[in-house]
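Below: one structure, written as structure tokens.
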Amino acid sequence: MLVDSSKPVVVTGAMRGGGLLGADGTRNLQASLLVAADPSSAGKGTLVVLNDEIHADSVLSKTHSLSLATFRSPGAGPLGEVWNDQVVYHFPGVSRKPIPATALRTNVDLIKVGVGMDGRYARDSVAAGAEGIAVEAAGAGAIPAELGKALNEAAEAGVVVGLTTRCPFGGPAGSFARQMPNVYGFAGLNGQKVRLLLMAALGFAQGDKTALDAVLMNR
């Protein structure tokens with residue numbers, strides 16, 4: 001999201017500590033180094049390598065609290081795999097224009113919508129001085145009326161509000177988006193990723209609405 005380079009950025013980790021049977025950290029590190037050094041990894045954006053699979057960061061989600069196969073890309077699958085010491089790609093990477101932010105603005109809240117939630121969640125964020133609010137709505141983007149009203153008021157007051165849905169596919173439906181004209185809508189990103197996106201956008205724009213629109217609209 002932030003790196004403007006064709007050089008591969010590879011993220012890895014481990015699900016089992018080194019003191020446990022079947023620890024996966026060493027192999028994940030080895031596979032990541034192989035991916036980072038492979039010429040075919042250039043230009044594919046940030047990659048996540050675990051369990052011998054190569055995933056694009058934008059569609060990846062953790063799906064199980066303990067399984068070694070926890071990291072998956074719903075609807076897309078891995079970009080490739082590591083077979084022993086061979087890197088094999090099945091699909092091209094996901095290309096997104098980077099945001100040239102020099103710092104992240106961390107004062108961004110995340111609201112996950114549930115039945116019956118009222119406007120205090122948004123109002124409390126504004127009162128605490130939040131610069132942005134990421135909203136993970138239900139279904140096609142449904143938000144309880146009072147909460148929607150408070151989010152609209154927050155956006156009108158200058159707080160950057162980003163709307164997505166808890167569903168891994170699709171995005172906020174047009175009918176809901178039209179009820180919140182000052183809110184940025186996103187598809188295919190969960191609430192945590194929208195929050196990171198707002199943090200980067202705010203760090204880049206430094207209060208410039210035109211700059212915000214340039215990096216957040218049609219993304």
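Some notes on this structure:
- Considering the range 147-195, and only residues there that are part of a helix (DSSP H, G or I), in contact with a Lys or Arg (Cβ under 9 Å, 6 or more places away or on another chain) and of a type outside the set (Asp, Glu), the residue that is farthest from Arg123 (Cα to Cα) turns out to be Gly191.
- Complete set of residues in the range 36-55 that are closer than 13 Å to Val88 by Cα and either of a type in the set (Ser, Thr, Tyr) or not assigned by TED's automatic domain parsing to the domain that holds Ser73 (or both): Ser40, Ser41
- Pairs, first on the phi < 0 side of the Ramachandran plot in the range 104-130, second small (Gly, Ala, Ser) and loosely packed, with under 13 Cβ neighbours inside 10 Å, C-beta under 8 Å, six or more apart: Asn107/Gly129; Asp109/Ala128; Val126/Ala157
- Residue check for Val113: surrounded by 20 or more Cβ atoms within 10 Å (Cβ to Cβ), more than 18 Å from Met217 (Cα to Cα) and modelled with pLDDT of 90 or more: yes
- Residues in the range 176-192 that are more than 17 Å from Ala142 (Cβ to Cβ) and surrounded by 21 or more Cβ atoms within 10 Å (Cβ to Cβ): Tyr184, Leu189.
- Residue match in the range 24-42 (condition: on the phi > 0 side of the Ramachandran plot and either of a type in the set (S, T, N, Q) or part of a loop (DSSP other than H, G, I, E, B) (or both)): no
- Residue within the range 23-35 that is over 24 Å from the mean Cα position of the chain (by Cα), under 16 Å from Pro92 (Cβ atoms) and surrounded by fewer than 16 Cβ atoms within 10 Å (Cβ to Cβ) present: no
The values are calculated or read from the model by the stated rules, or taken from the named source; none is laboratory data. Please read these numbers as outputs of a predicted model, since none were measured by experiment. Here the Cβ is made from the backbone with ideal geometry for all residues, glycine too, and neighbour counts use every protein chain on show.
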